[in-house]
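Notes to accompany the following structure.
The values are calculated or read from the model by the stated rules, or taken from the named source; none is laboratory data. All of these numbers come straight from a predicted model, not from anything done at the bench. Note: ideal-geometry Cβ built from the backbone for every residue, glycine included; neighbour counts use all protein chains shown.
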Amino acid sequence: MGVSMSGSVANRKQQDIHQTAIIGDGTKVWSFVYIGEYTTIGRNCVIANFVHIDRDVTIGDDCTIQGMVYIPEYTRIGNNCLIHPCVCLINEKYPPSRRKEAVVIKDNCIVGSGSVISAGVKLGEGCVVGAGSLVLEDVQARTVVFGSPAHPYYSKQEYEKKKKQWDKMSI
């Protein structure tokens, strides 16, 4: 694995990537990004502007982390995940605390803009978290949740059907 940074030489100076971090081939890291020690980011990912990825985080291949996302230490994110802007993952139930609980996001998940995922929550494979949700409990695989607090609303299969209808609509 090698480091791949996009942008001009000036932009590279605006990144703070710890020397122990491993960034996979084809991954693009934009401006004003912090990546902590012992963090591993897979291949062909996009890490957008103003993202903070703390220490000892693992992000799989083909993930997109959009702008202004906070990912705390010990978080685990699978492959092919999309995390929209302004998402905050939390690893302390009662801050400030010495005890940390990792957020785990399995493969093929989508987390909508402005969502907050609480400490210790596990997002099952293929789930979708609607924009602005507060997720306090684990989410089952291939389930769509939204709200504050988030509740299941329908299956990923139904989500895909709705998405297909939406995409067919003319602008």
* If Trp166 satisfies every condition in (1) at positive phi; (2) modelled with pLDDT under 95 but one, which is the exception? -> (1)
* **In region 21-72, the residues that are surrounded by fewer than 21 Cβ atoms within 10 Å (Cβ to Cβ) and part of a strand (DSSP E or B)** => Ile22, Lys28, Tyr34, Thr40, Val46, His52, Thr58, Thr64, Tyr70
* **Filtered residues of region 114-171 (kept if more than 25 Å from Pro96 (Cα to Cα) and part of a loop (DSSP other than H, G, I, E, B))** => Gly124, Glu125, Gly126, Cys127, Gly130, Ala131, Gln140, Ala141, Arg142, Met169, Ser170, Ile171
* **Criterion (at pLDDT below 95 and either assigned to a loop (DSSP other than H, G, I, E, B) or more than 20 Å from Ala102 (Cα to Cα) (or both)) met by exactly one of Asn80, Asn11** => Asn11
* Structure fact -> For region 39-54, pairs from a residue that is over 19 Å from Asn108 (Cβ atoms) to a residue that is of a type in the set (Lys, Arg) and part of a loop (DSSP other than H, G, I, E, B), with Cβ under 9 Å and 6 or more apart or across chains, are Thr39/Arg55
* Restricting attention to region 81-112, report how many residues are surrounded by fewer than 17 Cβ atoms within 10 Å (Cβ to Cβ) and polar (S, T, N, Q). => 1
